[in-house]
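Each remark here refers to the structure printed beneath this line.
Please treat every number below as a calculation from the coordinates, not as lab data. Being a predicted model, the structure only gives us computed values, none of them experimental. Methodologically, a virtual Cβ is constructed for each residue, glycine included, from the backbone with ideal geometry; neighbour enumeration extends over all protein chains shown.
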């Protein structure tokens, strides 16, 4: 019998039951609003730098501190999600990043801003580990890639929403950057629905009841050590490239030519960033289909190589119409592959330690990526933003090469 997943773009939706649907909606909302909150910083960076008298190096340092905190948050919440449940960990992470996004609007110095961003980062890092495990354990093996692709695509929606809010608050309403951050407290509201409607996966309940649980060391070391190192390093390269590029794109597009930017107005910058998210969303969604059809490894390598090429092309022009075309293409390839990471790690590690393993491999990689905003800010001071951003192509190519050491996991049944 033909699977419902084979009919139409969203036919796979019918493969899941009500619990799976609610789990996916909860994780997607959490990830969407995570992106909304964390990317507000990049969008207000030009105004914030002027108001708080920050240079590019200091602004990059604040961004790097956020990512370091996110790495710690991902590790902590991964363990928490395995112990107390996916939904509880998800709710706590959303509350944390919502409250401290709003707190950023009260910052009067770089140190205050960094402190608030640290707590925001902890919540941000925790959301992915909780949400990815929740979705992985509630959806059938044959459509897991598509379900996780849909969840991951919510990041693009959140980023686009952030660009729209920045435009409405700063350009239309004429308010300053602080009010953009104040809007970031709104995601806390979704925790009320999650608490009432979303149940823990049956797989998690069974794993908790198992008397002889597998240890984290047994799951990730031994024969799996080489794979764990490769997966972590591959993700580190991907995250470094993504944050190096996306943390500075709004500032790069809006800073004056004399400061190494392109010199567009704030409204043009917001429009270009919004357009990029359209390509990003399609990249996330299509990767789930492609990886389910051709395999995780082949899809990943293809996207990463094309990401390197498109990043180089994007940083080689200042023509706004060409950037409008290249932006969504670059975002498509330079982001879509993230849809596969949750599926790969879910298929590599058992339920009892899945969130811990996912949190470890994703967020230890984020430690390396934490240097990305600082690296671009520092390199741009002497070589310009275009040159600094174009170097991210190297990280994409290195990530593709690391797939030599990662096995194909398509079709594996999770246990």
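Just the ratio, please: alpha-carbon radius of gyration of the chain over 2.2 N^0.38 Å, N its number of residues.
So the chain has a normalised radius of gyration of 0.92.
Applying a 10 Å radius around every beta-carbon, put 301-309, 131-139, 183-191 in order of their mean neighbour count, most first.
Most protected by this proxy first, the peptides run 131-139, 301-309, 183-191.
Taking only Cα atoms and a 10 Å spring cutoff, compute GNM fluctuations for the chain and point out the largest among 368, 313, 69.
Sorting by GNM fluctuation, first place goes to 313.
What is the angle, in °, between the Cα long axis of helix 320-336 and the longest principal axis of the Cα atoms in the chain? Nearest 10 is fine, range 0 to 90.
30
Cβ neighbours within 10 Å, averaged per peptide: list 376-389, 283-296 in order, most packed at the top.
So the peptides 376-389, 283-296, ranked by packing, come out 283-296, 376-389.
Roughly speaking, what is the stretch gain from residue 168 to residue 210, that is 0.36 nm per residue apart minus the C-alpha to C-alpha distance, in nm to one decimal?
Residue separation times 0.36 nm, minus the Cα-Cα distance, leaves 9.9 nm.
Give me the percent relative contact order of the chain, please, defined on Cα pairs under 8 angstrom at least 6 residues apart.
26
Before rounding to the nearest 500, sum -39500 (n - 2.57) across all DSSP H runs of length at least 4 in the chain and divide by the residue total; then give [θ] at 222 nm in deg cm²/dmol.
Taken over the chain, the calculation gives -25000 deg cm²/dmol.
Taking the simple approach of a point 7 Å from Cα along Cα-to-Cβ for both residue 387 and residue 197, what is their distance in nm?
Rounded to a tenth, the inter-label distance reads 5.2 nm.
Which of 97, 41 comes first, and how do the rest follow, when ranked by fewest Cβ neighbours within 10 Å? If you can, show how the numbers build up before the last one.
Numbers: 97 29, 41 26.
Fewest-to-most Cβ neighbours within 10 Å comes out as 41, 97.
Any idea what angle helix 266-294 forms with the longest principal axis of the chain, computed on alpha-carbon atoms, 0 to 90 degrees, nearest 10?
20
Using a 10 Å cut-off around each Cβ, can you sort 56, 266 from fewest to most neighbouring Cβ atoms? Show your work: numbers first, answer last.
Working: 56 24, 266 18.
Exposure proxy ranking, most exposed first: 266, 56.
Would you mind telling me which residue in 276, 176, 166 has the biggest mean-square fluctuation in a Gaussian network model of the chain, where springs connect alpha carbons within a distance under 10 angstrom?
Of 276, 176, 166, the Gaussian network model singles out 176 as fluctuating most.
Which whole-angstrom value gives the distance between the alpha carbon centres of the range 74-110 and the range 42-65?
Distance between centres, Cα-based: 22 Å.
Measure nothing but the geometry: give the 0 to 90° angle between the long axis through the Cα atoms of 56-84 and the longest principal axis through the Cα atoms of the chain, rounded to 10°.
Taking Cα atoms only, the helix is inclined about 20 degrees.
What is the distance in Å between the Cα centroid of the range 128-147 and that of the range 383-404?
First find each Cα centre; the distance between them is then 29 Å.
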